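The values are calculated or read from the model by the stated rules, or taken from the named source; none is laboratory data. Just so you know, these numbers come straight off a predicted model, no measurement behind them. Cβ: placed from backbone, ideal geometry, glycine included. Neighbour counts: every protein chain shown. Heads up: the accessible areas ignore ligands, DNA and RNA and are worked out on the full protein's heavy atoms, side chains in. Shrake-Rupley method; radii C 1.70, N 1.55, O 1.52, S 1.80 Å.
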Amino acid sequence: MSLIDDVNREKLPSHIAIIMDGNGRWAKQKGKPRIFGHQNGAHAVRQTIEGAAELGVKYLTLYAFSAENWKRPKIEVEALMTLLVSTIDEELKNLIDNNIHFQVIGNTNLLPDSVKRKVNTAISKTKHCSGMTLTLALSYGSRWEILDAAKKLADDAIQGKIVPQELTDEVFASYLNTAHMPDPELLIRTSGELRLSNFLLWQMAYTELYFTEVLWPDFSKEELYKAIVSFQHRERRFGKTTEQL
Ligand code: IPE
Ligand code: IPE
Ligand code: MG
């Protein structure tokens, strides 16, 4: 029996964000090099995108490479970049066929040209797609994003385009990479680590957090349903009392 029957389609989280963690440990358990884990993570990515789109989730954001991941050994970084290029290549047709709009957040200037090119192709070829929005966080760090927003805001203030007293949550959020997207309602992190690792710090002020011991390459549609069902059993109070809801 599939857990899909337990998912309430009327109460889906509109935006799910995922920290895809545990590839290295998955490979190590099998006596293989870390990159073997990354390669096998691609299958879980496909399953997750498909599962979310089939359910009707509007936004799916995947943390694929953090600003801090640049500090990993050069050979691993290079392998990850190569894998990114081939995965985007292999998935592009699927994205278009499934009406999935692709975009990227993060400091993409730092990416090698080969990745930039693939990313730009995928963005332009899915521009017209009006189904789920799939966002890849690449070379992404939340503090970098918030600082970058602050710099742009300061610039606009100097130019008289914005008055500091008129700055609101919404205006600030419009300077972030995630402008035009709702905040995630559900965050999933695999591999048992209980931290956010510099992911969407502003946007996750009221996100429901779901942690699972499952390592990313073992993540599946069923694991996605499990997380959504857990989300649907929670009471989101946003500071209010139960009686007020
Ligand atoms: C997540 O898996 C993938 C990336 C961060 C790129 P890890 O590579 O972090 O795997 P572990 O955490 O070492 O097991
Ligand atoms: C977070 O995983 C980044 C991604 C999944 C892309 P890490 O494995 O890099 O996180 P830390 O360093 O253990 O917190
Ligand atoms: Mg990790």
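Considering the chain, its Cα convex hull presents a mean projected area of 15.5 nm².
Counted residue by residue at 0.36 nm each, then reduced by the alpha carbon distance between them, the extension gain from V163 to V77 reaches 26.8 nm. One way to sum up the overall shape of the stretch 106-215 is the equivalent ellipsoid from its Cα gyration tensor, whose semi-axes run 26, 21, 15 Å, largest first. Couplings for the stretch 197-212, taken from phi via the Karplus curve 6.51 cos²θ - 1.76 cosθ + 1.60 with θ = phi - 60°, read 6, 6, 10, 6, 5, 5, 5, 9, 3, 10, 6, 7, 9, 10, 10, 10 Hz in order; Gly and Pro are left as x. Using a probe of 1.4 angstrom and keeping all protein chains present, the accessible surface of the chain works out to 53 square angstrom per residue.
A 1.4 Å probe, protein heavy atoms only, puts the accessible area of S124 near 60 Å². Along the chain, the exposed loop sites are chymotrypsin sites (Phe, Trp or Tyr not before Pro) outside DSSP states H, G, I, E and B with at most 14 other Cβ atoms within 10 Å, and the longest stretch free of them is 1-205. Pairs of Lys residues in the stretch 78-199, spaced 8 or more positions apart or belonging to different chains, with C-alpha separations under 15 angstrom: 7 in total.
Take the Cβ atoms of K30 and D148, set R0 to 25 Å, and the FRET efficiency comes out at 0.05. Computed from the C-beta positions of N99 and E10 and an R0 of 22 Å, the FRET efficiency is 0.55 to the nearest 0.05. Can you pull out the trypsin sites (Lys or Arg not before Pro) in the stretch 193-242 that DSSP calls coil and that have at most 16 other Cβ atoms within 10 Å? Answer in residue order: R195, R234, R236, R237, K240. Annotation: amide H of S139 within the under-5 Å range of F65, S66, sequence separation 5 or more or interchain, hydrogens built in the peptide plane.
The lysines whose alpha-carbon is closer than 23 Å to the alpha-carbon of K11, local same-chain residues fewer than 8 away aside, are K58, K221, K226, K240.
The accessible surface of the stretch 1-146, taken with every protein chain in place and a 1.4 Å probe, is 51 percent carbon and sulfur.
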